[in-house]
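For reference, the structure is listed below as structure tokens.
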Amino acid sequence: MARFSEDALTEAVIARMDKCDNPRLKQIMAATVRHLHALAREVKLTEAEWFQAIQFLTATGQKCDDKRQEFILLSDTLGLSMMVDAINHARPGSETESTVLGPFFVEGAPDLEMGANIAPHAKGGAPTLVSGKVSDGSGRPVAGALLDVWQAGPDGFYDVQKPDAGMDLRARFRTGTDGKYHFRTVKPVSYPVPTDGPVGQMLLKLGRHPYRPAHLHFIVSAPGHEPLTTHLFVKGDGYLDSDAVFGVKDSLIVDFKPGAKPGEFTCEYDFVLKAA
Ligand SMILES: [Fe+2]
């Protein structure tokens, strides 16, 4: 029976992929094996620690369901999501910068008329008018752009975190020929990522806080343009420099200015899409 030294073992596992007819899969899996083995060697991983890692990943998977995505949260809190974002979305021009999708996006948010209130059930929270336009890199308005927007409520929770809440604080709007958009909502607040699962436990053990600075989520898409997944962050939020998922970019911080009435706010932001 063959025995392998530490170095030979890594190459032996990779050699078993010789017959793989998908070169990209082979490249990714070979690199995965190489880095996993290197990790184990670097820290001299014990069997107990290896099993603890297995249990952690098992618990992470078991925490996932059709509304909860603990693996995205793990990726986000380890900075992997923002690493993938940085690799794939370098935007040296005027285009709006992207950031993490996060674990709370839901397909099929209701299509609402421009100007609608996406927070009709929110208790408390400062009424806020969000407006701006969607344009291309040359400044031309993008007609028919779809803005998919979602956010946490004044209590810091998304609808999917509450049993039987239904769709709330999320909607889709489509721009007209002028590329403009506006809708009403409540000013977002900073909130902790879920701490009742394995990822929350990990943060606790690492001495990390779980908070995200206040933000609105957007996916802006239009034919002929790259879909843009991004946030608008509230200027002045205390967690902008320590976002639990490393998602803040300076260009996405917006000054929520006082609105028409006391206690109300306005948020104005123009999205610039990149040609596909
Ligand atoms: Fe969020």
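What is the angle, in °, between the Cα long axis of helix 6-15 and the longest principal axis of the Cα atoms in the chain? Nearest 10 is fine, range 0 to 90.
Here the helix axis deviates by roughly 70 degrees.
Okay, helix-only estimate at 222 nm for the chain: each DSSP H run of n ≥ 4 adds -39500 (n - 2.57), divide by all residues, round to 500 deg cm²/dmol; what do you get?
Roughly -8000 deg cm²/dmol at 222 nm, from the helical runs in the chain.
So for the stretch 70-273, averaging the separation of alpha carbon pairs under 8 Å that are six or more residues apart and normalising by length, what relative contact order in percent results?
28 percent
Order the peptides 253-259, 24-30 from the highest to the lowest mean number of other Cβ atoms within 10 Å of their residues.
Answer by packing, highest mean first, reads 253-259, 24-30.
If you fit an axis through the alpha-carbon atoms of helix 47-62 and take the longest principal axis of the Cα set of the chain, what angle between them do you get, 0 to 90°, nearest 10?
Relative to the chain, helix 47-62 is tipped by roughly 30 degrees.
Report, by chain and number, residues whose modeled amide H sits under 5 Å from the one on His225, excluding near sequence neighbours (fewer than 5 apart, same chain).
Distant-sequence amide H within range of His225: Ala276.
Starting from 0.36 nm per residue, how many nanometres of slack lie between Ala260 and Ala31 once their C-alpha separation is accounted for? Walk me through the numbers on the way to the answer.
Numbers: separation 229, 0.36 × 229 = 82.44 nm, distance 5.60 nm.
Here the segment from Ala260 to Ala31 would lengthen by 76.8 nm.
Once phi is turned into ³J(HN,Hα) by the Karplus curve 6.51 cos²θ - 1.76 cosθ + 1.60 with θ = phi - 60°, what whole-Hz value does each residue of the stretch 132-145 show in order, with x for glycine and proline?
x, 9, 10, 9, 8, x, 9, x, 6, x, 9, 7, x, 6
Taking a spot 7 Å from the Cα of Arg68 along the direction of its beta carbon, which residues of the stretch 142-174 have an amide N less than 17 Å from it?
Counting backbone N atoms under 17 Å from the label point, the list is 157-166.
In terms of Cα to Cα distance under 24 Å, which lysines are near enough to Lys235, apart from those fewer than 8 places away along the same chain?
Lys123, Lys133, Lys180, Lys187, Lys249, Lys257, Lys261
Can you give the angle from 0 to 90° between the axis of helix 23-43 and the longest principal axis of the chain, with both taken from C-alpha atoms, to the nearest 10?
70 degrees
Report the label-to-label distance for Ala275 and Asp7 in nanometres (one decimal), using points 7 Å from each Cα along the Cα→Cβ vector.
5.1 nm
Specify whether the C-alpha gyration tensor of the stretch 61-196 places it in the rounded, prolate or oblate class, a ≥ b ≥ c being the square roots of the eigenvalues: rounded for a/c under 1.5, otherwise prolate if a/b is larger than b/c and oblate if not.
oblate
When only C-alpha pairs under 8 Å and at least 6 residues apart count, what is the relative contact order of the stretch 103-193, in percent? Each step should come with its number before you reach the end.
On the way: 177 pairs, mean separation 40.3, N = 91.
Dividing the mean separation by the residue count of the stretch 103-193 yields 44 percent.
Calculate the spin-label point distance for Lys180 paired with Ser94, positioning each point 7 Å from the Cα along the beta-carbon direction, and give it in nanometres.
Rounded to a tenth, the inter-label distance reads 1.9 nm.
Quick one: what are the phi-derived ³J(HN,Hα) couplings along the stretch 157-166, Karplus 6.51/-1.76/1.60 with θ = phi - 60°, whole Hz, x for glycine and proline?
3J(HN,Hα) across the stretch 157-166, in whole Hz: 10, 7, 3, 5, 8, 10, x, 6, 6, x.
For a quick protection proxy, order the peptides 235-241, 13-19 by their average other-Cβ count within 10 Å, most packed first. Present the calculation step by step, with values, prior to reporting the outcome.
Values: 235-241: 14.3, 13-19: 11.3.
With the highest mean Cβ count within 10 Å placed first, the list reads 235-241, 13-19.
Please rank Glu268, Glu47, fewest neighbouring Cβ atoms within 10 Å first, as an exposure proxy.
Least to most surrounded, the residues fall as Glu47, Glu268.
Given H placed on each backbone N at 1.01 Å, which residues far from Tyr158 in sequence or on other chains put an amide H within less than 5 Å of it?
Placed amide hydrogens put Gly153 under 5 Å from Tyr158.
Quote the charge dipole size of the chain about the Cα centre in Debye, to the nearest 20; the model charges only the Cβ of Lys and Arg (+1) and of Asp and Glu (-1).
Numbers: 30 positive and 35 negative charges, 13 e Å.
Roughly 60 debye for the chain.
Ordered by packing density, taken as the mean number of other Cβ atoms within 10 Å over each peptide's residues, highest first, how do 51-57, 130-136 rank? Numbers along the way, then the final one.
Values: 51-57: 12.0, 130-136: 20.6.
Going by the mean number of other Cβ atoms within 10 Å, highest first, we get 130-136, 51-57.
Starting from the amide H of Gly132, placed 1.01 Å from N in the peptide plane, find each other amide H under 5 Å away whose residue is 5 or more places distant or on another chain.
Amide H to amide H, under 5 Å and 5 or more residues apart or across chains, Gly132 pairs with Tyr181, Tyr269.
Taken together, the values in this text are just the output of simple stated rules run on the coordinates, not laboratory data. This is a predicted model, so every value here is computed, not measured. Positions of Cβ are generated from backbone atoms using ideal geometry, with glycine treated the same way; all protein chains shown enter the neighbour counts.
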